[in-house]
Amino acid sequence: MSTLVVLPILFPLIGVVINAFLGKRLGEKVVGALATLMCSAAFVVALMLFSQVSVSKEHAIHAEFGTWIGVGKLNVPFGFLVDSLSSALMLIITGVGALIHLYSIGYIHGDPRANRYFVYLNLFVASMLVLVMGSNYLLMFVGWELVGLCSYLLIGFWFDKVKNAEAARKAFVVNRIGDVGFILGIMLIFVTFGTLNYHDIFAVVGDHKTAALALAGDPVAPAVLSAITLLLFIGAMGKSAQLPLFVWLPDAMAGPTPASALIHAATMVTAGIYMIVRSNALFHVAADTSNFVALIGALTAFIAGSIALRQFDIKKVLAYSTVSQLGFMIAAAGLGAYTASIFHLMTHAFFKALLFLAAGSVIHGMEHYSHAHHSAQHIDPQDMRNMGGLRGKMPVTFWAFIIGGLSLAGLPPFSGFWSKDEIIVAALHNPLVFALLACTAVFTAFYTGRQLVMVFFGSARSKDASHAEESGMAMKLPLIVLSVLALIGGGLNLPGSMWLEHWLEPVVGVHEGGFNLPIAALFSALALVALAAAWVMYRDGKRDTSLTPQLSSVSSFLNKAWQIDALYRAAIIMPFYALSSFLARVFDLGGIDGAVNGIGTLTKGIAAALRPLQSGFVRSYGLVMIVGVVALMAWLVINTR
Amino acid sequence: MQDLMLILPPLIVFLGATALLLVDLKIADDRKETVAWIAMFLLVGALIAAVMLLYFNRTGDVLYGFSNMILTDRYAALLDIVFALIGIGVFLLTLRYNRVHQIMRGEFFVLTLFSIGGMMLMAHAANLVTIFVALEMFSIPLYVLCGVARPRLDSEESSLKYFLLGAFASGFLVYGIALMYGATGTLDIATMLKQVERGQAPLLLVIGAGLMLVGLGFKVAAVPFHMWTPDVYDGAPTTVTAFMTTATKAAGFAALVRVFLLGPGAFVGSLVSAIAILAALTMIFGNLFALAQRSVKRMLAYSSIAHAGYLLAGIASVANIGQSANAVIFYLATYAATSLAAFGVLSEIGSMNRDEDHGLERYTGLAKRNPALAWVMALALFSLMGMPLTAGFTGKYLLFQSAVSSGLNWLALLGVITSVISAFYYLRVIVHMFMKEDATVAANNEQYYVSKPSLVMMTLASVAVVALGLLPTLLLNMFA
């Protein structure tokens, strides 16, 4: 049994090794097939594990493969835990992952770096599985960092464009800012509980023995728990793109579209939600953190939703929509509705992966014309202002997009409706969060409608759009499968059966998941109205579609994403660089460009210049040391009792 | 006789180096590689001796010798191993680099051996005088080594700067030792520790220890005693820089561990907080300066300052000194492996270009010119950054965990934040290597080749980086 646990991670890793070393010899087709096969194999094993979990008595399988770090009290095993929560996520990761691998075969075809792409994709699946399967926080952190690395590699995949490399670095660094919180939270957990294994930590918290812990009798234990959960949440802010760290996700769309679908929509970005739900025992006790989490989630949902209203890039709309939907999930987790959060995570994985893949298909179709005709005139194939009327040319893509879009808009009976409804019901007792989420729900339906109309209806607004062609089978098949899932995914937790609620009970305990008919009816109506409004406003294809729009100040503010990037640039990044180069200039004259030009300077007869410069240096170096010594001595004299 | 057994590793190195000095006279200039191989052979001998020390003293007792002037315990033996391995690694690099840069001289190896011997002695120090003697023994050869690339001006400049400021710092060290003796009437670290534990830590002792901290802080490049570092590391031949960033740092921290973590320093609150502040300054300035560099070699010099800051955080974590000492020694080993891998790449680049220009442009498109070099460098940079499953992560985690366990939450926070900052400048190199194309490569399609010994060294270092990340227990078990 325990060997089975490691197989889902092992299969994609085998793919990584074979494709990395033999990729060139195997050729693009074999590489793609092998990668897809390995991910599918992982899916099959995940299914087997899922069924084992469902029949096992404690609803969990533990497996340990020796010690990773063992020193003193710190003992971190290579331990894996497959329980109802992780097995559900494993199915999503490997299942949606396999579909996206398949789609990629068609999408990445002809790219000179296709082998590398599949290596990254397989590596990502393995890392993501480590993240959800690890039985302790440090192993989760390993997966956490590795998926960040894969995301970095895939965002910068087409690094020939400077913009992409920058987007990749931004994603990596912003994520690492979140990781600061996460790793410190982990350290604080160890200091508080003396262990990093979920099982041992949650057992203690669950028994309310917190006060009798390593902090024996310390009355501040609740404050410590607040600190721990807050630090963990900072990690989640980074990975799940919440305020104020969400700025990386829209830029991350620079990567290949299937990678965006898998990593930046369906799986990796939900890691923060997984982490909170996994730590629900801690968050449950820390009420103030949970309230904060709910508020941040709702605010993120609102702001990102409003930004999506005024985007023109087909992927940017989806990106901000993802941030907004992640806000929903985070808010749900903060409200204690863990099942609703995971439910939305799963349905979102279906319909957002579907939307991204459909968008990829649209872009692919749009590129068809300029590829075929080597047209010198280059128009942006991702700009919705260049599209229009694609309905007839790409029927499968169109229907897939419709199903995904209506699901995102929250129209019954599509899957998104059920999960979003559960979150909104859970927010009823928190007026502020409820109001924000309610507004966001309307925004969502409106921008979805706008996107559908701009892309598929009206008449073609460019040659590329009028000559667009439907994609091949490898791309259509995943679209069809995901459409079905997006359609019926709500069945996971239908009112009445509440299958997911019961399934997750061993991990998150019982929470009253509710179905509120008036609320459901109200929000269905609101969604319909918003969609209709979008239809009326954009149907004629004139509004917003001319390439130089006269944006009003509000819409330009939304288009520029609330100017948050500019704000960060002015408030943090610029001062930071200024400080660093100021310091370097003051203290390190030879430093910055001197070393680069060093040889040149040397040959410029530096011998004469060097001697006075050098003695000056040594003297000033000595001076700094003396200042340091004096300060140190003063400190010691003052502070020694 | 038992006394001699206790310091067998440094003894082998010293005696061997002395003999090698004579043998070198008989070896023609164009066959100096032989000297390098003999030197490596000696270090293998020292390595075996150190492993034996570890093996025959499995209980981990502290054994004293030479009238309590030296001791041998696990840490000493492990550090001996680290120094020997660093030496072997550096010598493997010299085979190509020193030949290309025309510094393939016999004295290079003899001096390095003497320095290694002094470092090993430092690891075995039980007495403040031993610490001072060992410090000078490993420093004086280093002063010479920095200038070995004469008549290259920046090499000579590097040597002179290091010597002048080093002498200055040694002054503080000696004065500190004298004050500590005046305060306690002893130079023996263990005796001193007993007095302090009984609550006798007069101001004189604290001041003395503070001055010692200055002297040792200079060697490990702690801010504000770090000013020499970038110029010296940048100017010295790359093989010497590789040796200094790894071995000198380890030797300095060996002394810091003995005096401040396992010795009397750990029991004086004001000293501990002073070290914590130094650690914070070192992390901040090291990383900020590194950010502004355009030369990879100089960036690594500042990065080595930053890493001294992380290590100092371990020295300041006195709640569980045993665990902190483990963390520090472990980190030294991981940093040595990582840094050697990185400098291996630098020395190969320096050999290919026949100069010491390490501007970022030199690394543009390296993945095309030589994928192996680029991957080794990427692995090393990820480890320096602290990516999980590399040695750097495990090392940093253990250090910061011991800081948090000692209530130094702010210091750990700072450490993690500055590690994030470090991602900026490490990634920049990776971007240049993998994600940019060098126009000149496309033009003449010149491939870099790697010499066999360097490749062996870089492979071993890379394996160590991965192994210490995946299975750190291999090494950690030796502490327990």
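The values are calculated or read from the model by the stated rules, or taken from the named source; none is laboratory data. Just so it is clear, the model here is predicted, and its values are computed rather than measured. All Cβ positions, glycine included, derive from the backbone under ideal geometry; neighbour counts span all protein chains shown.
See the values below:
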read-out	value
Single residue of B:Asp188, B:Asp154 found to be in contact with a strand residue (DSSP E or B) (Cβ under 7 Å, 6 or more places away or on another chain) and on the phi < 0 side of the Ramachandran plot	B:Asp188
Options B:Ala306, B:Ala327, B:Ala336, B:Ala313; residue that is assigned to a helix (DSSP H, G or I) and either free of Cβ contacts under 8 Å to residues at least 24 places away in the same chain or within 9 Å of chain A (Cβ to nearest Cβ) (or both)	B:Ala327
Unique match (being of a type in the set (S, T, N, Q), within 14 Å of chain B (Cβ to nearest Cβ) and closer than 21 Å to A:Leu4 by Cβ) among A:Ser51, A:Ser127	A:Ser127
Breaking point among (1) in contact with a His (Cβ under 8 Å, 6 or more places away or on another chain); (2) of a type outside the set (S, T, N, Q); (3) over 22 Å from B:Leu340 (Cβ atoms), for B:Pro10	(3)
Test set (1) closer than 30 Å to B:Gly286 by Cα; (2) more than 8 Å from chain A (Cβ to nearest Cβ) - B:Met192 fails condition number	(1)
Single condition A:Gly509 does not satisfy, out of (1) at pLDDT 80 or above; (2) of a type outside the set (Lys, Arg); (3) within 14 Å of A:Tyr338 (Cα to Cα)	(1)
Close pairs from the stretch A:170-195: first within 10 Å of chain B (Cβ to nearest Cβ) and closer than 13 Å to A:Phe233 by Cα, partner of a type in the set (Ser, Thr, Tyr) and outside any helix (DSSP H, G or I), Cβ under 9 Å, at least 6 apart	A:Gly178/A:Ser240
Enumerated helices (runs of 4 or more DSSP H) restricted to the stretch B:199-295, each holding at least 2 residues that are more than 11 Å from chain A (Cβ to nearest Cβ)	B:203-220, B:238-243, B:249-256, B:269-291
Residues being touching a helix residue (DSSP H, G or I) at 6+ places or on another chain (Cβ under 6 Å), of a type outside the set (Ser, Thr, Tyr) and in a helix (DSSP H, G or I) - total across the stretch B:99-131	17
Yes/no for A:Leu129 being at pLDDT 90 or above, in a helix (DSSP H, G or I) and buried (at least 24 other Cβ atoms within 10 Å of the Cβ)	yes
The stretch B:455-480 residues that are more than 14 Å from chain A (Cβ to nearest Cβ), paired with ones that are not in a helix (DSSP H, G or I) (beta carbon under 6 Å, 6 or more apart)	B:Val465/B:Thr390
Lone unmet requirement of (1) among the polar types (S, T, N, Q); (2) surrounded by 22 or more Cβ atoms within 10 Å (Cβ to Cβ); (3) within 30 Å of B:Leu153 (Cα to Cα) for B:Asn353	(2)
Restricting the stretch A:382-397 to residues that are more than 28 Å from the chain's Cα centre (by Cα) and not in a helix (DSSP H, G or I), the residue that is surrounded by the fewest Cβ atoms within 10 Å (Cβ to Cβ)	A:Gly392
Matching option when the condition is in contact with a Cys (Cβ under 7 Å, 6 or more places away or on another chain) and farther than 18 Å from A:Val624 by Cβ, among B:Ala251, B:Ala236	B:Ala236
Which numbered condition A:Ser104 fails, given (1) more than 19 Å from the chain's Cα centre (by Cα); (2) of a type in the set (S, T, N, Q); (3) more than 20 Å from A:Gly472 (Cβ to Cβ)	(3)
Residues of the stretch A:54-65 that turn out to be closer than 9 Å to A:Val82 by Cα and either among the acidic types (Asp, Glu) or assigned to a loop (DSSP other than H, G, I, E, B) (or both), as a count	1
Residue that is surrounded by the fewest Cβ atoms within 10 Å (Cβ to Cβ) [pool: residues in the stretch B:39-63 that are among the β-branched types (Val, Ile, Thr) and free of Cβ contacts under 8 Å to residues at least 24 places away in the same chain]	B:Thr59
Residue in the stretch B:134-151 that is surrounded by fewer than 18 Cβ atoms within 10 Å (Cβ to Cβ), in contact with a helix residue (DSSP H, G or I) (Cβ under 8 Å, 6 or more places away or on another chain), within 14 Å of another protein chain (Cβ to nearest Cβ) and of a type outside the set (S, T, N, Q) present	yes
Where B:Leu427 falls short, out of the listed (1) within 8 Å of another protein chain (Cβ to nearest Cβ); (2) over 26 Å from A:Ile228 (Cα atoms); (3) over 25 Å from the mean Cα position of the chain (by Cα)	(3)
Hey, B:Leu216 touching a residue at least 24 places away in the same chain (Cβ under 8 Å), within 20 Å of B:Val133 (Cβ to Cβ) and more than 17 Å from the chain's Cα centre (by Cα) or not	no
Test: A:Ser51 is touching a residue at least 12 places away in the same chain (Cβ under 8 Å), under 24 Å from A:Thr270 (Cβ atoms), assigned to a helix (DSSP H, G or I) and among the hydroxyl-bearing types (Ser, Thr, Tyr)	no
Some residue of the stretch A:151-160 being of a type in the set (D, E, K, R), in contact (Cβ under 8 Å) with a residue 12 or more places away in the chain, over 24 Å from A:Gly66 (Cα atoms) and within 11 Å of chain B (Cβ to nearest Cβ)	no
Single residue of A:Ser135, A:Ser84, A:Ser127 found to be among the polar types (S, T, N, Q) and under 30 Å from A:Gly27 (Cα atoms)	A:Ser127
Number of the condition not met by A:Asp464 [criteria: (1) part of a helix (DSSP H, G or I); (2) surrounded by fewer than 18 Cβ atoms within 10 Å (Cβ to Cβ); (3) at pLDDT below 80]	(2)
